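S.K.: Structure incoming, see below.
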Amino acid sequence: MKLAEALQERADLNRRIQQLHQRLSNNAIVQEGESPAEDPVELLAELNGCVQNLEALITRINLTNCRTTVDGVSLTALLARRDALKLKLSAYHDLAYNASQLARRATHTEIKVLSAVSVKDVQAQADALAKDLRQLDNAIQAANWAADLI
């Protein structure tokens with residue numbers, strides 16, 4: 001199995017676990033004399049099996065990420081870099097947006113609001129970060145489809 005396939009399976013298991021959680025909640029109590037629509041004991045057994053499978057799969061994914069490299073850098077390090085770039089890009093986008101929201105004055109007696117940064121420069125930096133993020137994400141995706149799951 002390729003790493004990318006394992007990641008898809010992990011997403012499917014997470015969705016299944018969320019659904020089982022909801023179904024358990026929906027069948028947790030019933031009116032006296034009634035039966036639940038689904039047996040909570042069976043749902044719990046299915047949930048436990050899915051969680052156990054998820055735990056094993058996450059372990060294998062993490063081990064594969066540690067041992068797989070792209071240009072000498074582990075996938076784990078590349079994933080951390082991607083997360084950091086996403087945080088930084090979000091902050092730059094927010095800064096550019098907020099710095100461009102200059103209040104319009106209705107009269108000359110109102111306080112004039114100015115941007116504290118060059119919106120053009122911040123947006124250019126955000127664009128460069130977005131490009132770096134796209135390239136990094138492409139490299140990670142390529143490695144995910146090339147790497148065999150451990």
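S.K.: Using only Cα atoms, what is the ratio of the radius of gyration of the stretch 1-67 to 2.2 N^0.38 Å?
M.R.: Details: Rg = 15.7 Å, N = 67, 2.2 N^0.38 = 10.9 Å.
So the stretch 1-67 has a normalised radius of gyration of 1.45.
S.K.: What lysines sit close enough to K112 to cross-link, taking a C-alpha to C-alpha distance under 24 Å and skipping anything fewer than 8 places away on the same chain?
M.R.: Correct list for K112: K120.
S.K.: Still on this model: Given 0.36 nm per residue, what is the gain on full extension from N138 to I29 after removing their alpha carbon distance, in nm? Before the final figure, lay out the partial values.
M.R.: On the way: separation 109, 0.36 × 109 = 39.24 nm, distance 4.76 nm.
Computed gain between N138 and I29 is 34.5 nm.
S.K.: Taking the dipole about the Cα centre of the chain, with the C-beta of Lys and Arg at +1 and of Asp and Glu at -1, give me whichever of N14, A28, T69 is farthest to the positive side.
M.R.: Positive-most Cα among the choices belongs to T69.
S.K.: Expressed in nm to one decimal, what extension gain is obtained for the pair E9 and K112 from 0.36 nm per residue of sequence separation less their Cα-Cα distance? Write out the running numbers ahead of the final one.
M.R.: Working: separation 103, 0.36 × 103 = 37.08 nm, distance 5.48 nm.
31.6 nm is the gain from fully extending E9 to K112.
S.K.: Treat each spin label as a single point 7 Å out from the Cα along the C-beta direction, and report the L63 to K86 distance in nm.
M.R.: For L63 paired with K86, the spin-label model returns 2.6 nm.
S.K.: What value does the chain have for Rg/Rh, both radii from Cα atoms and Rh as Kirkwood defines it? Each step should come with its number before you reach the end.
M.R.: Working: Rg = 24.5 Å, Rh = 19.9 Å.
Expressed as Rg/Rh, it is 1.23.
S.K.: Give me the distance in nm between label points sitting 7 Å out from Cα along the Cα-to-Cβ direction at K120 and D94, one decimal.
M.R.: Taking the two extended label points, one gets 2.6 nm.
S.K.: What translational diffusion coefficient, to the nearest whole µm²/s, does the stretch 75-145 have by Stokes-Einstein, given a Kirkwood radius computed over alpha-carbon pairs, a temperature of 37 °C and 0.692 mPa s viscosity? If you can, show how the numbers build up before the last one.
M.R.: Numbers: Rh = 14.2 Å.
This corresponds to a translational diffusion coefficient of 231 µm²/s.
S.K.: Moving on to the next point. Using +1 on the beta carbon of Lys and Arg, -1 on that of Asp and Glu, and nothing else charged, what's the dipole of the chain about the Cα centre, debye to 20? Spell out each step's value before the answer.
M.R.: Values: 17 positive and 19 negative charges, 221 e Å.
With Lys and Arg at +1 and Asp and Glu at -1, about 1060 debye.
S.K.: Counting other Cβ atoms within 10 Å, keep those with at most 16, restrict to DSSP loop, and tell me which GluC sites (Glu not before Pro) in the stretch 1-41 are left. Spell out each step's value before the answer.
M.R.: Values: sites: E5, E9, E32, E34, E38; in loops: E32, E34, E38.
Here the GluC sites (Glu not before Pro) that fit, given the DSSP loop and packing criteria, are E32, E34, E38.
S.K.: Work out which helices of the chain, taken as complete DSSP H runs, extend at least 18 Å along their axis over the Cα atoms and score a mean Kyte-Doolittle of -1.0 or more, then list them.
M.R.: On the way: long enough: 3-26 (34 Å, -1.03); 40-67 (40 Å, 0.30); 75-99 (35 Å, 0.11); 119-146 (40 Å, -0.34).
Within the chain the helices that satisfy the rule are 40-67, 75-99, 119-146.
S.K.: How many times 2.2 N^0.38 Å is the alpha carbon radius of gyration of the stretch 34-98? Display every interim value, and only then the final one.
M.R.: Values: Rg = 20.5 Å, N = 65, 2.2 N^0.38 = 10.7 Å.
That works out to 1.91 for the stretch 34-98.
S.K.: Nothing charged except the Cβ atoms of Lys and Arg (+1) and of Asp and Glu (-1): what's the magnitude of the dipole of the stretch 75-145 about its Cα centre? Round to the nearest 20 debye. Don't skip to the end; give the middle numbers.
M.R.: On the way: 10 positive and 7 negative charges, 23 e Å.
That gives a dipole near 120 debye.
Quick note: the coordinates plus some simple rules give every number you see, no bench work behind them. What you see is a predicted model; the values in this text were computed from it and never measured. Don't worry about glycine lacking a Cβ; one is built from the backbone with ideal geometry, like all the others, and counts go over all protein chains shown.
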